[in-house]
Amino acid sequence: MRNLIFQKPEVRVAVDVTGSLSYGWQHIRIPVIVPLLSIAIHLCLGMSIMLFVERVYMAIVIICVKLLGKKRYTKYKLDDLKEDLERNKSYPLVLIQIPMYNEKEVYKLSIGAACGLSWPSDCLIVQVLDDSTNEVLRALVELECQKWVEKGVNVKYETRNNRNGYKAGALRDGLQKQYVQECEFVAIFDADFQPDKDFLWRTIPYLLENPELGLVQARWKFVNADECLMTRLQEMSLDYHFSVEQEVGSSMYSFFGFNGTAGVWRIQAVNDAGGWKDRTTVEDMDLAVRASLKGWKFVFVGDLAVKNELPSTFKAYRYQQHRWSCGPANLFRKMTKEIIFCERVSIWKKFHVIYAFFFVRKIVAHWVTFFFYCIIIPVSVLVPEVHLPKPIAIYLPATITILNAVCTPRSMHLLVFWILFENVMSLHRSKAAIIGLLEANRVNEWVVTEKLGNTSKQKCNAKISKKPQSRIGERIHVLELIMGMFMLHCAIYNLLFGKDHFFVYLLLQAGAFFIIGFGHVGTFIPN
């Protein structure tokens, strides 16, 4: 009897709660949810069309550029420029800057590659800007620099007592050294970049013979692209960036965003633009935009690749993407007015920078990927009164995806994985873009991308007697798990009650969120 008395209220409460939720949903769905969802769908459709038009436009331009052989850098006849330089023996003084921060695994590679560049030794200064906080590591880096000094290379080891301005601060302080005053050009390489010996011979001649050029940018070549599935997917995204976005910007507008490394600046252009600033986390893009507004032109050399390392741990990649997404949005907020009222560039170039370079590629691309494909489409499954145009929901993204993937033919079979992974990462990129636009918390967060060098290979080859212990918190990602449960719920509902087949996509996407949410992506190096 006692059990019966205490069971009935519990059952009644459960039924009442379920009934109340169902009753509440039915009464707000038509008057509230449907109108709001319809507005959201039209906004997302508009953004999808903007992104689609931009991608198709760039595809047409790049096809014309390649078919007609009119890549910007091919117009300058590099071989003739190199012959003139060798004949006249008038080599300019070039500064190489290598900013680093606790780069234990890669500092030898970067210093060795820079010191091995084939350029007259009396016309080359290698400047190692070490902001490391590990005193033992500082001593090792300084010792490595000293070894190259003994071999006849002019290496300058520079440290600071603080990290003010992070990378931008280190580069700015480096250019202010007395011995830099005679340098005409500065090449910048992050700590994991390894330029080939002829890098300067394939970049400096452009700047010597064309005084209007302020920047020569090389593309990136990834030494660890085959390390795991995550690095293969990163390669697909970055190949499109270099092969299409940078090439189109160089060929059509003489403008693109500096990638922060593997490029050579005319020091006069850097100074003319106001030097390095640390007001955002994309100091490289900031400098490029300001230099462009001063009238300097850029050239992208697509057949010159510099080896570097992709982040192979999800933690490192997530921090990198936050910085790469938050910084451009924040810079867009800070510089829109300055771009509009600039009198030294054409209206067409202003439109390209504000609309295409910033708004569509740095904001709309993230928002439409997350809000449309991870929020609006799943919610529309639960609200059958709202019509979702399938041509725009399916065919537009399919075309955009193919245009992205065609730049990496060897990974075409990974297309589905790339779509699912990019949708998951759009969660972090959209959040970062909003933070940048609002200048909210974490807007100036700077976490150096972790490089592993040969660490992962060594750990895999070593015989470990005990199973490494890892903290659960390091591998569990709550936001991804919440999104996974939401999409799984929508998939099951569509499977049971829907009249279309969206559940196929929703189940796959939910699985991607769960896999990443439980930390089963990329390599994992335990502490």
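The values are calculated or read from the model by the stated rules, or taken from the named source; none is laboratory data. On a predicted model such as this, the values are computed, not experimentally measured, just so you know. Glycine gets a Cβ as well: all are built from the backbone with ideal geometry, and neighbour counts include every protein chain shown. Quick note on the areas: whole protein, heavy atoms, side chains included, nothing else; ligands and nucleic acids left out. Shrake-Rupley method; radii C 1.70, N 1.55, O 1.52, S 1.80 Å.
Filter the stretch 163-185 down to the residues that are loosely packed, with under 14 Cβ neighbours inside 10 Å and either within 17 Å of Trp276 (Cα to Cα) or of a type outside the set (Asp, Glu) (or both) and list them by number.
Correct list: Asn164, Gln176, Gln178, Tyr179, Gln181.
Given the conditions (1) over 29 Å from Lys221 (Cβ atoms); (2) basic (Lys, Arg); (3) under 24 Å from the mean Cα position of the chain (by Cα), report the number of the one that Arg172 does not fulfil.
(1)
Limited to the stretch 127-142, what total is found for residues that are over 31 Å from the mean Cα position of the chain (by Cα) and open to solvent by less than 60 Å² (accessible area, probe 1.4 Å)?
Number of matching residues: 1.
What are the residue pairs meeting all of these: first residue in the stretch 143-162, first residue over 15 Å from Ile96 (Cβ atoms) and open to solvent by less than 50 Å² (accessible area, probe 1.4 Å), second residue of a type in the set (Gly, Ala, Ser) and at pLDDT 95 or above, Cβ atoms under 9 Å, and 6 or more apart or on different chains?
If the second residue must be of a type in the set (Gly, Ala, Ser) and at pLDDT 95 or above, the pairs left are Arg160/Gly169; Arg160/Ala170.
I'm trying to understand the selection: among the residues of the stretch 286-314, which are assigned to a strand (DSSP E or B) and open to solvent by less than 10 Å² (accessible area, probe 1.4 Å)?
Once the filter is applied, which keeps residues that are assigned to a strand (DSSP E or B) and open to solvent by less than 10 Å² (accessible area, probe 1.4 Å), the stretch 286-314 yields Phe298, Val299, Phe300, Val301, Leu304, Val306, Asn308.
Looking at the stretch 272-285, which of its residues are without any contact (Cβ under 8 Å) to a residue 60 or more places away in the chain and either part of a loop (DSSP other than H, G, I, E, B) or out of contact with any helix residue (DSSP H, G or I) (no Cβ under 8 Å at 6 or more places or on another chain) (or both)?
Ala273, Gly274, Arg279, Val282, Asp284
Going by the conditions given, is Leu495 open to solvent by 30 Å² or more (accessible area, probe 1.4 Å) and modelled with pLDDT of 95 or more?
no
Scan the stretch 230-270 for residues that are more than 17 Å from the chain's Cα centre (by Cα), at pLDDT below 95 and open to solvent by 10 Å² or more (accessible area, probe 1.4 Å) and report the count.
4
For the stretch 340-355, which positions are open to solvent by 60 Å² or more (accessible area, probe 1.4 Å) and farther than 16 Å from Ser254 by Cβ?
Ile340, Phe341, Glu343, Tyr355
Could you grab the pairs with beta carbons closer than 8 Å, sequence gap of 6+ or different chains, first residue in the stretch 383-412 and touching a residue at least 40 places away in the same chain (Cβ under 8 Å) and assigned to a helix (DSSP H, G or I), second one surrounded by 12 or more Cβ atoms within 10 Å (Cβ to Cβ) and basic (Lys, Arg)?
Filtered contacts from the stretch 383-412: Thr399/Arg55; Ile400/Arg55; Leu403/Arg55; Asn404/Arg55; Ser411/Arg232.
Give me the residue from the stretch 356-389 that is closer than 16 Å to His42 by Cα and of a type in the set (Phe, Trp, Tyr) and, out of that set, least open to solvent (accessible area, probe 1.4 Å).
Restricting to residues being closer than 16 Å to His42 by Cα and of a type in the set (Phe, Trp, Tyr), the top hit is Phe372.
Return the total of residues in the stretch 78-126 being of a type in the set (Lys, Arg), surrounded by fewer than 16 Cβ atoms within 10 Å (Cβ to Cβ) and part of a loop (DSSP other than H, G, I, E, B).
1
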